[in-house]
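The values are calculated or read from the model by the stated rules, or taken from the named source; none is laboratory data. Keep in mind the model is a prediction, meaning the values are calculated, not measured. A quick note on method: Cβ atoms are made from the backbone with ideal geometry, for glycine too, and the neighbour counts reach across all protein chains shown.
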Amino acid sequence: MLKKKFIFKLIGKGVLHILFWCAVLLFYTYFFGVGSNNFNDTLIFSLFLMPITIATTYVSIYKLIPDYLITKRYFKFVTYSIYTLIISAYLVMVSIFFSLIYLSNFKYNDMNPLTRNILFVMTGIYLVTVIVSAFKLMKLNIKASKRTKTLETKILETQLKLKEQELKYLKMQIHPHFLFNTLNTMYGFALKKADETPEMILKLSNLLDYLLYQVDKPFVSLKDEINHIEDYISLEQMRFSDTLNVTFSKHINSDAIEIAPMLFIPFVENSFKHGKIINGCLDISIHIEANTDTIEFTLNNSSTNDLNATDGIGLENIKKRLELIYPNKHRIVIHRNDTNFEVSLTVNLKSELKNV
């Protein structure tokens, strides 16, 4: 099947070349026949010029242009072009002598007026060569552009796959730590046979449903992400009991707002993990302000001036994810002192954020 296609393509290409050179022959006959009444002599002279024109043209389009001009070997291109010009000019001189000897019987005045002038003859030959070479050059440039575009597309696809793999890897690092804390809390309640255990199982079921079916999506509803955070806080409140004071406020002006999944939970996790109980209580304050353009997330928790407090794997992962998902569209600010830790994240959903 492939051989047949190749043969038909070759035949088609050959037919096009033959038709083109027949058209060139007609052009030569008309061009060199101006001022002459002897059609036969003009046709024979044109036929004698055809091999010179074909050879010069094919050398240009199959050797000079693809091997030297396109590959930017300009010195060789100029050198071999000069050689081609000299040889073709010599053959043109032979053609003129042929016209003088064979067609005019050595009678100069009987020669076709245009065939006496070497400049006219060379103009006719190189006009065809230049036109065909220009077409060949345009064709090669189009092919090169398509090849470059294809290569760029493959590079972009490869980069996208790498980013997707990196995002999955970062998410996988979040999940085990998150689940470990939750299961550990549930285990403690089960040992105590606490009444809150069924509710905790239900919360965990919701969390697992979110982790298994929602987190692999590129974006989720901000409402779903908030519900996920609330379930997590509820579980932690059961674990901390009276030693925890959490304030979670939010102001969302649209239900259509979407966000990358698991974007805020690492901050919340770290507030429980690295937060310190001061005066018998761990204070955590979370606020989310969102509209269709911007999301602002702020978290504040009681803490000590521990340098390792922001070096957890969760915060490092979230920074990498932000760079991948919201490049130049986010701003994260962290403040820490002897009694307080605060993180502020701004995500612009429409355009790039300007540094301030």
Return yes or no: is K250 more than 35 Å from the chain's Cα centre (by Cα) and either under 20 Å from N184 (Cβ atoms) or touching a residue at least 24 places away in the same chain (Cβ under 8 Å) (or both)? yes
Residues of region 243-265 being in contact with a strand residue (DSSP E or B) (Cβ under 8 Å, 6 or more places away or on another chain) and in a helix (DSSP H, G or I), in sequence order, are T243
Pairs only if they're at least six apart or on different chains, beta carbon under 9 angstrom, first in region 215-243 and farther than 22 Å from G188 by Cβ, second basic (K, R); list them, first residue then second. V215/K171; D216/K168; D216/K171; I226/K250
Need the failing condition index for A260 against (1) among the small types (G, A, S); (2) under 30 Å from the mean Cα position of the chain (by Cα); (3) more than 14 Å from L345 (Cβ to Cβ), just the number. (3)
All but one of (1) in a helix (DSSP H, G or I); (2) out of contact with any Phe, Trp or Tyr (no Cβ under 7 Å at 6 or more places or on another chain); (3) at pLDDT below 90 hold for V59; state the number of the condition that does not hold. (3)
Of the residues in region 335-350, those that are loosely packed, with under 14 Cβ neighbours inside 10 Å and either in contact (Cβ under 8 Å) with a residue 12 or more places away in the chain or of a type in the set (S, T, N, Q) (or both) come to N337, D338, T339, K350
